[in-house]
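Okay, so here's the structure we're looking at.
Just so you know, all these numbers are worked out from the coordinates, no wet-lab data involved. Predicted model only: the values in this text are computed from it and were never measured. All Cβ positions, glycine included, derive from the backbone under ideal geometry; neighbour counts span all protein chains shown.
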Amino acid sequence: VGILREKLKEKIRRMRSVLGMEMPEHYTLFNKSWRGISAETFNKFQAFYHTDPRYRGRVNFPIRDNSGRILVIQGRDEGNTLKQKYLFTPADAKIPLFPTVQPIQGKIILVEGIFDMLNLHDKGLTNAVCCFGTHHFTKAKLNLLKVSGVTGIDVVFDADDSGKKAAEKIRKIVEDFPIRVVNLKKGDPAELAEQQVKNLRRKLYE
């Protein structure tokens, strides 16, 4: 029975990876500014509310692959009252790098969390890509970046020790691929103000 159950789960995973998911019916757009990020940016990434127990109490984001298919939905606890701050639905989904972007001078900015990415996009660095934690970044995903024309990665992680260790982990994964690690003075990319993002863009690409 256990073997059959695992085979069924694997079949479902493969079907999702081929067909993708649909947005849940009767969702409501998250149409407001939050955490210093504009409503326009949340709308750009189709952030939504829903009454389904999997999504209720969360700001939810459809996470798409480079073909536009929704592979997973990530929800973030809006009121900081739920057991899990972040929740992936389905839990066993393969997590892509997100979103697919147009590189700047051939480079993307790699950040850890979705709000790091959202904040940079909101303030003009639209080549930011989220890996949802370094455990989701693999050589296979690096190869996809290469195929899409990316010629270098600028890593912008949290300024704390865990962020620095995570950046070194990425450096080892990419090996001889061009990489620059940007060390923030404090905080994380989600906390950068507009002028700080402009300064970062100037530092990297001007």
In whole Hz and in residue order, list the ³J(HN,Hα) couplings for segment 21-29 that follow from phi through the Karplus curve 6.51 cos²θ - 1.76 cosθ + 1.60, θ = phi - 60°; x for Gly and Pro. 9, 9, 4, x, 5, 6, 6, 10, 4
Unsatisfied cross-links (Cα-Cα over 26 Å) in the set Lys146/Lys169; Lys165/Lys186; Lys141/Lys172; Lys94/Lys172; Lys94/Lys186: Lys94/Lys186
What is the distance in Å between the Cα centres of segment 76-144 and segment 148-162? 11
With charges only on Cβ, +1 for K and R and -1 for D and E, what is the dipole size of segment 60-206 about its Cα centre, in debye, rounded to 20? 320
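Which of the peptides 174-185, 106-117 is most tightly packed, and how do the rest follow, going by the mean number of other Cβ atoms within 10 Å of each residue? Each step should come with its number before you reach the end.
Working: 174-185: 12.9, 106-117: 23.0.
Packing proxy ranking, top to bottom: 106-117, 174-185.
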On a 0 to 90° scale, report how tilted helix 161-174 is relative to the longest principal axis of the chain, with both axes built from alpha carbons and the result rounded to the nearest 10. 90
Please list, ordered by chain and number, the residues whose modelled amide H lies under 5 Å from the amide H of Gly152; skip anything fewer than 5 residues away on the same chain. Ile108
For segment 76-92, just list the computed ³J(HN,Hα) in residue order, Karplus coefficients 6.51, -1.76 and 1.60, θ = phi - 60°, integers in Hz, with x standing in for Gly and Pro. 10, 4, 6, x, 6, 10, 8, 4, 10, 5, 10, 9, 9, 10, x, 5, 9
Looking only at the chain, where both bridge partners belong to it, what percent of the DSSP beta bridges are antiparallel (to the nearest 5)? 60
